[in-house]
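Scroll down for the structure; my scribbles are underneath it.
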Amino acid sequence: MKRLAYFGLAVLVVMLGLASRRFRGELPAFIGAYSGDTLWALMMYLVVSTLLPGWRILSRGAIALSLAFLVEVSQLYHAPWIDAIRATTLGGLVLGFGFLGSDFVCYTVGVALGVASEGAIVRLARAAAEKPIR
């Protein structure tokens, strides 16, 4: 059940990310500039969570953030074969196009949103389960 929830949320975040790119001009400048990368990192957290649902939240967050940083650093490497992958729609969405230092901040915020949100949900669920019924 957890895997399905993580996967469904990942699909929703992908749709929001694509919408943030499509409607960038209609969004406030700050949101338009940074929401796509932030949502991409949140999606990475949800994909890692789909694959490793039993792992601790912080461990999944660390893996997702490491993968996001690795993808960003990989954008410094330009060989014909990887640039050909980046030239495709899916390849460009997954691997990005060019290195930007500000993306590290977006990735950190996106993964932190996933970790904090899931942590809050877990704490609320525990508190509700421990609350005595009157």
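Derivation of every value follows stated rules applied to the coordinates shown; laboratory data play no part. Values in this document were obtained by computation on a predicted structure and should not be read as measured data. Cβ placement follows ideal geometry from the backbone for every residue including glycine, while neighbour counts extend to all protein chains displayed.
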So, with points 7 Å from each Cα along the Cβ direction, the Leu4-Glu26 label distance in nm works out to 3.3 nm
Tell me what the chain gives for mean residue ellipticity at 222 nm when only DSSP H runs of n ≥ 4 count, each as -39,500 (n - 2.57), the sum divided by the residue total, rounded to 500 deg cm²/dmol.
-26500 deg cm²/dmol
Along the range 27-36, what does the Karplus equation 6.51 cos²θ - 1.76 cosθ + 1.60 (θ = phi - 60°) give for ³J(HN,Hα), rounded to whole Hz, x for Gly and Pro?
8, x, 3, 5, 5, x, 6, 10, 5, x
Among residues other than Leu67 whose Cβ falls under 15 Å from its Cβ, what is the net charge (Lys/Arg +1, Asp/Glu -1)?
-2
Among Leu93, Leu65, Leu39, which one moves the most in a GNM of the chain with springs linking Cα atoms closer than 10 Å?
Leu93
Once phi for every residue in the range 4-20 is put through the Karplus expression 6.51 cos²θ - 1.76 cosθ + 1.60 (θ = phi - 60°), the whole-Hz ³J(HN,Hα) values, with Gly and Pro written as x, are 5, 5, 4, 5, x, 5, 4, 4, 4, 5, 4, 4, 5, x, 5, 5, 5
Mean separation of Cα pairs under 8 Å and 6+ residues apart, divided by the residue count of the range 4-134: what relative contact order is that in percent?
28 percent
Full-stretch length increase - Phe97, Leu124 - with 0.36 nm per residue and alpha-carbon distance subtracted
5.8 nm
Space enclosed by the convex hull of the alpha-carbon atoms of the chain, per residue, Å³:
131 Å³
Anyone know which of Leu16, Leu124, Leu46 comes out most mobile in the 10 Å Cα GNM of the chain?
Leu124
GNM result for the chain, Cα springs below 10 Å: residue of Gly110, Gly17, Gly61 fluctuating most strongly:
Gly17
Order the peptides 75-85, 5-15 from the highest to the lowest mean number of other Cβ atoms within 10 Å of their residues.
5-15, 75-85
